[in-house]
1. Which residue is surrounded by the most Cβ atoms within 10 Å (Cβ to Cβ), if the candidates are limited to the stretch 174-196 and must be part of a loop (DSSP other than H, G, I, E, B) and touching a helix residue (DSSP H, G or I) at 6+ places or on another chain (Cβ under 9 Å)?
2. Just checking, does the stretch 125-133 include any residue being at negative phi and crowded, with 21+ Cβ neighbours inside 10 Å?
3. Of (1) surrounded by 19 or more Cβ atoms within 10 Å (Cβ to Cβ); (2) in contact with a strand residue (DSSP E or B) (Cβ under 9 Å, 6 or more places away or on another chain); (3) at pLDDT 95 or above, residue 114 satisfies all except one. Which?
4. So, residue 321, is that one assigned to a helix (DSSP H, G or I) and either at pLDDT below 85 or touching a helix residue (DSSP H, G or I) at 6+ places or on another chain (Cβ under 9 Å) (or both) or not?
5. Report every pair of residues separated by at least 6 positions or lying on different chains whose Cβ atoms are under 9 Å apart, first residue within the stretch 72-88 and exposed (fewer than 14 other Cβ atoms within 10 Å of the Cβ), second in a helix (DSSP H, G or I) and modelled with pLDDT of 95 or more.
6. Of the numbered conditions (1) assigned to a loop (DSSP other than H, G, I, E, B); (2) under 20 Å from the mean Cα position of the chain (by Cα); (3) surrounded by 22 or more Cβ atoms within 10 Å (Cβ to Cβ), residue 41 fails exactly one; give the number of that condition.
7. Residue 374 fails exactly one of the following numbered conditions: (1) touching a strand residue (DSSP E or B) at 6+ places or on another chain (Cβ under 8 Å); (2) assigned to a loop (DSSP other than H, G, I, E, B); (3) under 30 Å from residue 188 (Cα atoms); (4) in contact (Cβ under 8 Å) with a residue 60 or more places away in the chain. What is the number of that condition?
8. Determine whether the stretch 377-386 contains at least one residue that is assigned to a loop (DSSP other than H, G, I, E, B), under 23 Å from residue 45 (Cα atoms) and touching a strand residue (DSSP E or B) at 6+ places or on another chain (Cβ under 8 Å).
């Protein structure tokens, strides 16, 4: 790409912002970012009080990249006050140990330290505040002291400001809400069309709109937008993450947020879908799931009743004294899932100048310090071959059904569609 070419980035989440910053750092002089709201976008998956930072992966490529990002979170002065180190426990029941075993093996192969926990008592010895049963009987897991958490909203705000300082432009609101594209006879995009009729002309277009992507272009059944339950309670906890894969909980608790005193918990399961309505103005009418288009000022204080019940069941297993206390807030966080859990960083097969970057599948935020680097390499078609294959745009899913099987880290009840009453509350 020429340094003076007009680059239009649609989406101001971590994929879009990190790419804008990286390209501006490389000398590209004409970059504009479009979104429905100035970042942090209230209903975007990267907008929250905390996100896990760890490198515990069964997959070697993700482990390497996550460790690269972790070192930057830990050592780079720009993340002081945003990132905090904390221990991490990955545990579950014996009958679900395959994914955990693979993760331990990958860490061992890389000579990265971790400590096997023989039983729930060993986990409680590391962190006495864990008062629940912790997947007993049949506890299986380990402890990794090299982990932490990042204040997600602060990280995104800093990345936004870094972009400002390098001359990146932003258009937000109705003028930044893209609903379609204008193309020429050669299927090259000439302009992004917005909700208020604005035409944003460009030479190169980068689509990083997360859970809204499949409403703008055909994604060949390679992504699925799913809502996942998160909850917040006031509680001062010690520095610990606990990720549990059990018959009752498939989720995570994290340390209390330093500014708000909130303890965040989440369910990393199969989630909920929402079929768009006609009035949602999606360009692709075959889109099978997406969140509402117009962003609220903050996430709606709502989750389905069965989701709240699962959060409480999980708390009874980890911190039973919190299980029956009122939640300060409940919300749905929208993932952009792929069948394998892999990201997408590749050119769209239907357009000559459209690059798709994203599909975080619920685990991308931790890579924030290095995402822009790899997005830039992918744009230039210079990714290492194994990553180019892993993150390629996959057309083969178009004619397949029930392809969204994940990376082995999820469980619990089957994915379901939100009912009419639940959709109205969103």
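The values are calculated or read from the model by the stated rules, or taken from the named source; none is laboratory data. Computed from a predicted structure; not experimentally measured. As a convention, Cβ positions derive from the backbone with ideal geometry for all residues, glycine included, and neighbour counts pool all protein chains shown.
1. Keep residues of the stretch 174-196 that are part of a loop (DSSP other than H, G, I, E, B), which gives 177, 184-188, 195-196.
Pick out the ones that are also touching a helix residue (DSSP H, G or I) at 6+ places or on another chain (Cβ under 9 Å) and you get 195-196.
Working: 195: 17, 196: 11.
In this case the residue turns out to be 195.
2. Taking the stretch 125-133 as the starting set, the residues that turn out to be at negative phi are 125-133.
Filter once more, so that each one left must be crowded, with 21+ Cβ neighbours inside 10 Å: 130, 132.
So far as the stretch 125-133 goes, yes, one or more of its residues are at negative phi and crowded, with 21+ Cβ neighbours inside 10 Å.
3. (1)
4. Yes; evaluated as a whole, the condition is true for this residue.
5. Sorted first by the residue in the stretch 72-88, then by its partner, the pairs are 76/369; 81/154.
6. It fails just one condition, (3).
7. Answer for residue 374: the failing condition is (2).
8. No - not one qualifying residue is present in the stretch 377-386.
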